[in-house]
Each structure stands twice: as structure tokens, then as C-alpha cells.
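K.L.:
Below is one structure. I have some questions about it.
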Amino acid sequence: MTATHEVTNQVPLPYGHDTAADPALLAALHRAGAGWAEPELRELGRLAGSEQAAEWGRLANENPPVLRTHDRFGHRIDEVEFHPYWHELMRTAVGHGLHAAPWRDDRPGAHTARAAKFFVWGQVEAGHTCPVSMTYAAVPALRATPGLAAEFEPLLAATEYDFGLREPHGKRGLIAGMSMTEKQGGSDVRTNTTTAVPRPDGGGYLLTGHKWFTSAPMSDLFLTLAQAPGGLSCFLLPRVLPDGTRNRLRLQRLKDKLGNKSNASAEIEYDEAYGLLVGEEGRGVRTIIEMVNMTRLDCTIGAASGMRLGATRAVQHALHRRAFGKALVDQPLMRNVLADLVVESEAATTVAMRLAQATDAALAGDAQEALVRRLGLAVAKYWVCKRGPAHAAEALECLGGNGYVEESGMPRLYREAPLVSIWEGSGNVAALDALRAMAKHPETVEAFLGELDAAAGADRRLDAAVAGLRKQLTDLDQLEYRTRRLVEAMALAFQGSLLVRHGDPAVADAFCASRLGGDHGAAFGTLPPGPDAAAIIDRARPVPAV
């Protein structure tokens, strides 16, 4: 009998690697003075690269959350049931401080260290990072009311994951969600119709309305926006009230999403739900904007994390797969594609970590860094998140038909990629936010240009790009119509400046040649001759865990 199932030319499973062995990430960590976090980051990286963690991510997605509105007796319970591996993912993330822990950590670079861990662990499974991110982002909003911050911040920052529907003060740690958008408004939250009426006894407010998207509805606390007597305001709603009864938050349905399957996103109705005012009445958007800025930072980190995963998977496949007599990685055109994917990945990683570093500095009182962060974050959120889906598609294509099969993990990466470009403001919202920052705070433009000028004279292509950008910034004709073109140019110059100053020389050369120079194509894999493609690819070679 002829053997028909001898398996040859197949690629080893992508396990047993240290996902923290990322030269661009580690260099950024040390530049920010957060090198103290590297041992824990490497520990997390080894777990992230393990087959065990991959199974947690796979099964959490193949068994998505289920809404249980009532128990078997007909009592309203409004609970979401998750696969056990979702809880393992959450327990790991919280245990390593990927949530609100940096707010209680006075070590230098605490937020940059947290960003690096978020980047590494997000490569296992992106869905659970949504509640992790919102818990991180809730703290600066709560600080608008010091009493609330003092009450809840220690529990939000606690490194114990304590899932279950119980009164917040009786738990070892809390998770926070966010509930802002409504059917009629989306990003235009000022059109929200949910109302908040002060209770007659003066103890909080009663909220009534419908929320179109509520992220992580199984959370312990929610930040939401509602129309109070003094205007649109921010409120904190617990799921369980101090007396142990359930708050009147009614889960209507879970959204059936393109990706992000492991994470629950719900429509919720508030039926005179109890809430506490955060900040002042009428200043809801101003109060919650810091939460939005923090989650936008995480969108950028998440996009960079996905690009790194896609690049390393593509490189691993090309190293082990043979076609037409030699390894794919030795085929010139494939080598060009792989190098281009690595260049895009490292550019995204470098700018995301730079913004995390700026966050640390801004929180420490550095006014200049706060200005760089304000404009740089809007610019990077637009561009890095926009590049993610195209990068995922190209990385998937490197695996050929194997990449189109669910078992490869690449379809999940591909479905996940568009989310961060939509979450916390789609492309137009992010681009217009950059325009708003420049109009309302012109000093952010000078700070941003100062960041770019730090690399002046190092690369003629970068110098030409910055000169062109300055011209665009002075040409105000039809500015809103061409905002995307302007913000793209700003993002590319920002990334180029960082890579020229801090990146690998081969990566910086390839980036400037293909993104800022005149010799470039629109697709990945169109790097011009010159950059050392082999050296670039080697930076994404999976490193065995030791």
C-alpha cells in the first residue's frame, strides 16, 4: 500500500518562544528608564509564547460569551457566562498589572512598563485586553472626584482578578467598563438622550436610557455619560449596590461582531439605575476625555502588538517552508515582503512606546511632553491603527492557503485588526481630533515639530518630509477636507524621526526610503534596493524561550 500521508515541508507550531524578545520593544523600555521591568516582561513573554497560552486564546474565541438574562425560575440576573480560559487570560493580565496597577506604582517608567507588558500579552489574545484597558483608563477619570478615586482606585489597581457579581467593597479587585455611545449618536456623545435625575435624598442620581455599545458588561463598575440638569455629565455605576441588591442595568443583547469574539459587548438599558456623579455636572466630556486618551493609547499599542504577531508568524513560516527549491525566506520577493512587514511593525512599536513614555513624563508634570502626547497620540491613533488591517492581510498572505485556515490563527488576527481603528473614534474622528488639538492648542504643533527636529540632519529624506510637512501646516486652504493627508504625513514623519534616532539602522533606512523617499510603492513588499532585508527580517525571528 502506498503511503499518502507522509507529512513533509510543514512549519513547526509557533510555540516555545519568548514574545518579549523584541529588540525594538526592549530598547524603548530601557530608553524610558523602565529597564527594571524587563525580568517580569520576559517571564510574561515566555508564557505568551507557550502552547498553553495559545490554547487559552483559541478556546476563549471558539467559545464566545453567552448572555443569561434570567435564571431558571424567571428572575432577572443579567449575567454573562465566559469560557474558563477567558478567566485565565484575565487572571494573568491583572496579576501582571496590565490594568490600573501603574497608577499605584511610583517607580520611573511605570506606565511604559505596563505598555510593554500589554504589547506582549496582547499577542496571545486581544479580546480580553478590552476590559483590561478600560480598567486602566478609568482611574484618571475618577480622579476628577477625589473621594471616588480614594474609594475605588486601590481595588481597581489590585493585582487580584476576582470575577463575580458582588458588592464592590467585598471584592479583592475590580474591573471597570465604559458605556458612552447611543443609537442616535455614536461618537457624537453630545446627542446622548440618557437622563440622570438627582435622587430626592441627595444620594446620587437615577439614570434612564439605552446604551448602544457597552464594553465588558460583566465589569464591576461602569463610567457612562448622561444628561443631568446641568448638561452632559459623567457618572459611575456599580453593578451591585451597597446593600447587595443589583443595580437596574438591563442587558438587552450581546453584539455579534466581526472579530473580538471572546469579549462581550452589549446593549444596556438603564431603568432608574443608581449612579454617582464624577466631576461636575455639564462637564462630562471633559471628565471622561482622559479615559478616552488612555484607551486611545492602548489602541495604538494593540495595533502594534498585532503587527508584531503577524510579522513573526510570517517570518517563522518563511524560515521553515520551502518552495521552488529553496526556503521562502531566501526568495528575493518574499524577502522584500517580510522585511517590509517588520519595518512597519517596528515603526508602530517605536511610536506606541514613545507615547507611553510621554504619558509617564506628562503625569510627572512635564508640560512639553504633555504637548507631544496630546497631538502625537491623535496622530498615531489614526495612522498606526489604520495600517493594522493591511498589515494583517499581508502577513496572512505570506502563509498562502494555510494562512486562510482558522487553525493557523491568522484569520483571528485579520478579524481583530480593524477594531482598534474603530474603537475610541474611527479614522475621521482621530484625524479631526488632531486638527482640533492644533487649532485649540497651537503650542502642540511647536512641541510636535520640536520632536521631529531632534532628528534634523540625520537623514535627508526625513528632512525633506519634515520641510514638506511644515508647508502643509501653513497652507490652511480646505484643511478639514485634506486632514487625513496631513495627519498621515505627520505620523510618517514622527515614526521616521524616532527610527532615525533610536531604531535599528537598517530598519530606519528602509522606512525612510519607502515611506518618506521618492522610491516607494503602495503595497507591502515594495522596498527599494539598498536596505539590508536579511538583517531586518532577523529582528522578527522567533527567539526560543529559555
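K.L.:
Filter region 398-421 down to residues that are without any contact (Cβ under 8 Å) to a residue 40 or more places away in the chain and surrounded by fewer than 16 Cβ atoms within 10 Å (Cβ to Cβ), then give me how many there are.
P.N.:
6
K.L.:
Any idea which of (1) surrounded by 19 or more Cβ atoms within 10 Å (Cβ to Cβ); (2) at pLDDT below 95 is the one ARG436 doesn't satisfy?
P.N.:
(1)
K.L.:
Right, next: The conditions are (1) out of contact with any strand residue (DSSP E or B) (no Cβ under 9 Å at 6 or more places or on another chain); (2) at positive phi, and ASP78 fails exactly one of them. Which is it?
P.N.:
(1)
K.L.:
Return yes when GLU182 is charged (D, E, K, R), touching a residue at least 12 places away in the same chain (Cβ under 8 Å) and in contact with a Ser or Thr (Cβ under 9 Å, 6 or more places away or on another chain) and no when it is not.
P.N.:
So GLU182 fits the description; yes.
K.L.:
Right, here's the next one. All but one of (1) under 30 Å from TYR481 (Cα atoms); (2) assigned to a loop (DSSP other than H, G, I, E, B); (3) at pLDDT 95 or above hold for GLY425; which doesn't?
P.N.:
(3)
K.L.:
Out of ARG250, ARG296, report the one residue that is within 23 Å of LEU174 (Cα to Cα) and part of a strand (DSSP E or B).
P.N.:
ARG250
K.L.:
Further question on the same structure: Among the residues of region 241-284, which ones are under 29 Å from PHE119 (Cβ atoms), of a type in the set (A, V, I, L, M) and out of contact with any Leu (no Cβ under 6 Å at 6 or more places or on another chain)?
P.N.:
Residue satisfying the conditions is LEU258 alone.
K.L.:
State the number of residues belonging to region 492-542 that are part of a helix (DSSP H, G or I) and hydroxyl-bearing (Ser, Thr, Tyr).
P.N.:
Going through region 492-542 one residue at a time, the tally reaches 2.
K.L.:
Moving on to the next point. For residues that are surrounded by 14 or more Cβ atoms within 10 Å (Cβ to Cβ) and touching a helix residue (DSSP H, G or I) at 6+ places or on another chain (Cβ under 7 Å), tally how many sit in region 454-463.
P.N.:
So the answer is 5.
K.L.:
For ILE77, work out the one condition from (1) at pLDDT below 95; (2) touching a Ser or Thr at 6+ places or on another chain (Cβ under 6 Å) it doesn't fulfil.
P.N.:
(2)
K.L.:
A further question on this structure: Out of PRO242, PRO200, I need the residue that is assigned to a loop (DSSP other than H, G, I, E, B) and within 19 Å of GLU281 (Cβ to Cβ). Which one?
P.N.:
Being assigned to a loop (DSSP other than H, G, I, E, B) and within 19 Å of GLU281 (Cβ to Cβ) holds for just one of PRO242, PRO200, which is PRO200.
K.L.:
Need pairs with beta-carbon distance below 6 Å; first residue surrounded by fewer than 24 Cβ atoms within 10 Å (Cβ to Cβ) and within region 252-273, second of a type in the set (Gly, Ala, Ser); sequence gap 6+ or separate chains.
P.N.:
Note: pairs meeting the criteria are LEU254/ALA264; LEU254/ALA266; LYS255/SER265; SER265/SER215.
K.L.:
Just to be sure, is THR145 at pLDDT 95 or above and either within 25 Å of the chain's Cα centre (by Cα) or not assigned by TED's automatic domain parsing to the domain that holds MET291 (or both)?
P.N.:
Spelling it out, THR145 is indeed at pLDDT 95 or above and either within 25 Å of the chain's Cα centre (by Cα) or not assigned by TED's automatic domain parsing to the domain that holds MET291 (or both).
K.L.:
With the structure loaded, tell me whether GLU281 is acidic (Asp, Glu) and either in a helix (DSSP H, G or I) or surrounded by 24 or more Cβ atoms within 10 Å (Cβ to Cβ) (or both) or whether it fails that test.
P.N.:
Spelling it out, it is not the case that GLU281 is acidic (Asp, Glu) and either in a helix (DSSP H, G or I) or surrounded by 24 or more Cβ atoms within 10 Å (Cβ to Cβ) (or both).
K.L.:
Oh, and also: Condition first: more than 19 Å from ASP18 (Cα to Cα) and either among the hydrophobic types (A, V, I, L, M, F, W, C) or not assigned by TED's automatic domain parsing to the domain that holds GLU43 (or both). Now tell me which residues in region 91-132 satisfy that.
P.N.:
Within region 91-132, VAL94, ALA100, ALA101, TRP103, ALA110, CYS130, VAL132 qualify.
K.L.:
Can I ask one more? Only one of (1) under 18 Å from VAL240 (Cβ atoms); (2) of a type outside the set (D, E, K, R); (3) within 26 Å of the chain's Cα centre (by Cα) fails for GLY186. Which number is that?
P.N.:
Among (1) under 18 Å from VAL240 (Cβ atoms); (2) of a type outside the set (D, E, K, R); (3) within 26 Å of the chain's Cα centre (by Cα), the lone unmet condition for GLY186 is (1).
K.L.:
For region 25-40, which positions are touching a His at 6+ places or on another chain (Cβ under 9 Å), of a type in the set (A, V, I, L, M, F, W, C) and part of a helix (DSSP H, G or I)?
P.N.:
Those that are touching a His at 6+ places or on another chain (Cβ under 9 Å), of a type in the set (A, V, I, L, M, F, W, C) and part of a helix (DSSP H, G or I): ALA27, ALA28.
K.L.:
Over 22 Å from ALA113 (Cβ atoms), crowded, with 19+ Cβ neighbours inside 10 Å, not assigned by TED's automatic domain parsing to the domain that holds GLN123 and not polar (S, T, N, Q): does that describe ALA311?
P.N.:
Yes: the conditions hold for ALA311.
K.L.:
Out of the residues in region 211-239 meeting the condition of being out of contact with any helix residue (DSSP H, G or I) (no Cβ under 7 Å at 6 or more places or on another chain) and in contact (Cβ under 8 Å) with a residue 60 or more places away in the chain, tell me which one is surrounded by the fewest Cβ atoms within 10 Å (Cβ to Cβ).
P.N.:
The extreme case among them is ARG239.
K.L.:
Still on this structure, please answer the following. Filter region 152-191 down to the residues that are among the β-branched types (Val, Ile, Thr) and assigned to a loop (DSSP other than H, G, I, E, B) and list them by number.
P.N.:
Passing the criteria: THR159, ILE175, THR181.
K.L.:
Conditions first: (1) under 23 Å from the mean Cα position of the chain (by Cα); (2) within 16 Å of PHE524 (Cβ to Cβ); (3) of a type in the set (Gly, Ala, Ser); (4) buried (at least 24 other Cβ atoms within 10 Å of the Cβ). ALA339 passes all but one, so which condition is the exception?
P.N.:
The number of the failed condition is (1).
K.L.:
Got a number for residues in region 99-141 being closer than 24 Å to TYR414 by Cβ and either without any contact (Cβ under 8 Å) to a residue 24 or more places away in the chain or not in a helix (DSSP H, G or I) (or both)?
P.N.:
7
The values are calculated or read from the model by the stated rules, or taken from the named source; none is laboratory data. Since this is a predicted model, take the numbers as computed values, not measurements. When we count neighbours, we look across all protein chains shown, and the Cβ atoms used for this are built from the backbone with ideal geometry, even at glycine.
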